[in-house]
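Remarks on the structure that follows.
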Amino acid sequence: MNLVSSSCIARHYILVGTRARLMLMAVLAVCMLILVLFSCRRQIRNLNQSEYCRVISTPVSSNWIKQFKQHDYKIFSQNGEDGILLWIFANIGTMHQPPHFVEFGVQNGKQCNTRFFREHLGWQGLMMDVNNANLTINLHREMISPKNINNLLAKCETPTTIDLLSIDIDFDDYFVWKSILQANRFHARVVVIEFNYEIPPNENRVVDPNLDSRRWTHTNFFGAGILALAALGRAHGYTLVYGEKNAVNLFFVRTCVLLQQGVFDDVPSVEQLHVSKPARQWKHAPETDKSRTWIWNDTVWIP
Ligand SMILES: *[C@@H]1O[C@H](CO)[C@@H](O)[C@H](O)[C@H]1NC(C)=O
Ligand SMILES: *[C@@H]1O[C@H](CO)[C@@H](O)[C@H](O)[C@H]1NC(C)=O
């Protein structure tokens, strides 16, 4: 009797001891998890400040935001993107050594926004196109969508910070950029993106890419207006600084860089930046299919 009860008591103590040890271990594990998460968050926040907001060089000109027109010239780009990008990076510097870019919609890479930087300034990076591949220049054939873009970037070992991101895929460019911004995994300092100049600067609208499987059918139903892109950029810490004179591309720079350089107040308004008459005349046929409609105010513009 005594023996039984004492062995019960012993078992009871062993059980209590095990339970206490398990609980202690669980508490410790939770503490460590909290610590790890906390330090990760702090790293991300530090990255915010030290990486893409960091002022790397003093501007060539204190008035550089107002001097784009004279730098709007073409080398290998479709329009004046080469000169504009050279001017931006001359004034804000680059983060990586060598500087890093990502560009999609490059065709075979002969006429694109990063060729001059890659061939003559030693920049490195990733190119993607729906029809072309060329591994000697790191050009991959991929069908980019808002759903797959972040995984594609991860698959191609893209660093979390990028000096230049260039988007020109002729249809849902806005949503691909939005997907990168919302995922918050890859952070570019400068963004070039195609827009639709036929949309007036007071109309915040963008194609609805989910209406049908057709993409661009050579009509004016494609892309996003200047206000929609400016609103998306602003909501995620980017400021529209210029629209090139052929009215194909818009240029965005991290707002924090402009603030630190004291040039943010020099940025013209969206109306002023809108080019409604391209220097080299071009226009697409009007869309006749009335079922193809626009999404309005996808990102609310806060003036
Ligand atoms: C791949 O790129 C290299 C470097 O620009 C070029 O010389 C070559 O012709 C390209 N190959 C193809 C198949 O386009
Ligand atoms: C979009 O927002 C603007 C400004 O708030 C408003 O005037 C306009 O009616 C909205 N358009 C649509 C279609 O909701």
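Structure values in brief
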{"quantity": "Of all DSSP beta bridges in the stretch 57-296, antiparallel share, percent nearest 5", "calculated": "45 percent"}
{"quantity": "Calculated [θ] (222 nm, deg cm²/dmol) that DSSP helices of n ≥ 4 give over the chain, each run adding -39,500 (n - 2.57)", "calculated": "-10500 deg cm²/dmol"}
{"quantity": "Listed peptides 191-201, 137-147 by packing density, highest first (mean Cβ within 10 Å)", "calculated": "191-201, 137-147"}
{"quantity": "Under-20-angstrom lysine pairs by C-alpha in the chain, whenever the two are 8 or more apart or on separate chains", "calculated": "13"}
{"quantity": "Ranked by how many other beta carbons lie within 10 Å on average, peptides 255-263, 56-64, 111-119 from highest", "calculated": "111-119, 255-263, 56-64"}
{"quantity": "Residues in the stretch 203-222 that a label on Asp289 would reach, taking backbone N under 19 Å of a point 7 Å out along Cα→Cβ", "calculated": "206-222"}
{"quantity": "Calculated P(r) of the stretch 205-303 - Cα pairs past 15 Å, %", "calculated": "67 percent"}
{"quantity": "Computed over the chain, Kirkwood Rh from alpha-carbon pairs, angstrom", "calculated": "21.6 Å"}
{"quantity": "Ranked packing of 283-290, 100-107, 182-189, most packed first, by mean Cβ within 10 Å", "calculated": "100-107, 182-189, 283-290"}
{"quantity": "Relative contact order for the chain, counting Cα pairs under 8 Å that sit 6 or more residues apart, in percent", "calculated": "16 percent"}
{"quantity": "Share antiparallel - DSSP beta bridges, the stretch 102-191, percent rounded to 5", "calculated": "5 percent"}
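Every read-out reported here was derived from the displayed coordinates using simple, explicitly stated rules and does not represent laboratory data. Keep in mind it's a predicted model, so treat the numbers as computed, not measured. Every residue, glycine among them, receives a Cβ derived from its backbone with ideal geometry; neighbour counts consider all protein chains shown.
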